[in-house]
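Contents: one structure, followed by commentary.
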Amino acid sequence: MILKGAQRGAAKQLAIHLLNEVENDHVEVHEVSGFLSEDITGAFKEVQAVAKGTRCKQPFFSVSLSPPLGASVTIEQFEDAVERIAVANGLTGQPRAIVFHEKDGRRHAHAVWSRIDADTMTAKNLPHFKNRLMAISRDLYFEHQWKMPPGLRDRSVKSPANVTLAEWQAAKRRGKNAVDQKKLIQQCWATSDSQVGFQAALGEHGYILAKGDRRGHVIVCHDGEVFAVTRATGLKTKYVRGRLGELKALPSVADAIAQHARDVRRQFIRMAGDARSELATQRAKLDAERTQMIGRHRNERDLLQQGQAKRWKRESATRAGRFKNGLRGLWQRLIGETRQIEEQNAKEAFEALQRDRRQRQQMIDLQLRERHSMENERAENRQQAFGLLEGMRADRDRLLEKLLQSPRLQSKCGKQQEHKGFNLET
């Protein structure tokens, strides 16, 4: 499983994040140990208060444990991973909390330790914890026979399509996928060997190669966004210039944006808006079904928890009833029967606990499979929408080609020298 850790402070915000039932389908507080308080919020406030007696501003060590999609991971396997993390980072015996989250058909865990050593009133040092987490992650993939991500096998083969958080957020605001954009530009680069070929490949997707004000060769999208070729391809500036040549023959960013404005951009945006509206309707329907499913799953888990609690109470009463009171109880103890009963009760209690955990795990696995089916349908819906947008882009290119060959358009272009204010949109 993928392990991501960080040292952090802000006890209240951390507790709110772990207990957030709005952004998560299910939230389960599995363990709160080593604290005076029995709830997450109170426990983290304790750590924050103790940390004031030190110079530590980040008294928490938080780790997320994310198994591969579709993997069935038991509570014991999560606990084993958490224990390995504690041992590797010198946090054994430190107060900790474990919370399970489920979202979009995936189940993962968050483990949070207090870094403050109450005996020495100092913070536990965590040198190279990222490398240690990666080593544990590799071991878990090997042991459970999960398919290991290429980036985890070897840092040198990390996908060149990886983007920063800022790039992803900017692309999300534009309603695009930053990874897909980079892959598209890289494909255009890979299929061309010159400036002309690269321009042609980009042009098929509505992009224009231009000269940037300060960044050398850039790509201007049909919506005015500008991408540096070096950043999009991951190549050095010298190598890019060696293939694309000088910038003199290329339009400026302003000219490229003006060129986009003269094409059928408005018509394409309108059609794309209609397509997104249709997608939004379909997505809303799936979201409604998803919400109903989450509510049903929560109800099923509540019913199971209530049933198990009642059964545990009955079984506990049965075990307690085996002990006698008064003189008969004293006789039980004298003949050694009390000890036998205690051992029998402990064994039955442990077996009952394991039985309840198995039942809960079976329900979790069943519900996750149902959620996976829903998420697959949502993914297919997105793919259909992307295909529709690509088809519209092809129609736009065919329409532009037809318009450029129109005699009336040629006639208007011939008058452009006389009328500098000529605009294709008029």
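Shown here is the pair-distance distribution of segment 81-122: with all Cα-Cα distances grouped in 10 Å bins from zero up to the longest one, the shares run 25, 43, 23, 7, 1 percent.
What order do F227, F350 take when sorted by accessible area (1.4 Å probe), most exposed first? Please report the intermediate quantities before stating the final value.
Working: F227 40, F350 125 Å².
Largest to smallest exposure gives the sequence F350, F227.
Here is the size of segment 1-156 from its Cα atoms: Rg then Dmax, 15.6, 46 Å.
Distance from the alpha carbon centroid of segment 318-333 to that of segment 25-55 works out to 40 angstrom. Here segment 1-76 has an Rg and Dmax of 14.2, 45 Å, counting Cα atoms alone.
The values are calculated or read from the model by the stated rules, or taken from the named source; none is laboratory data. What you are looking at is a predicted structure, and each value in this text was computed from that prediction instead of being measured. What goes into the accessible areas is simple: the full protein's heavy atoms, side chains included, and nothing from ligands, DNA or RNA. Shrake-Rupley method; radii C 1.70, N 1.55, O 1.52, S 1.80 Å.
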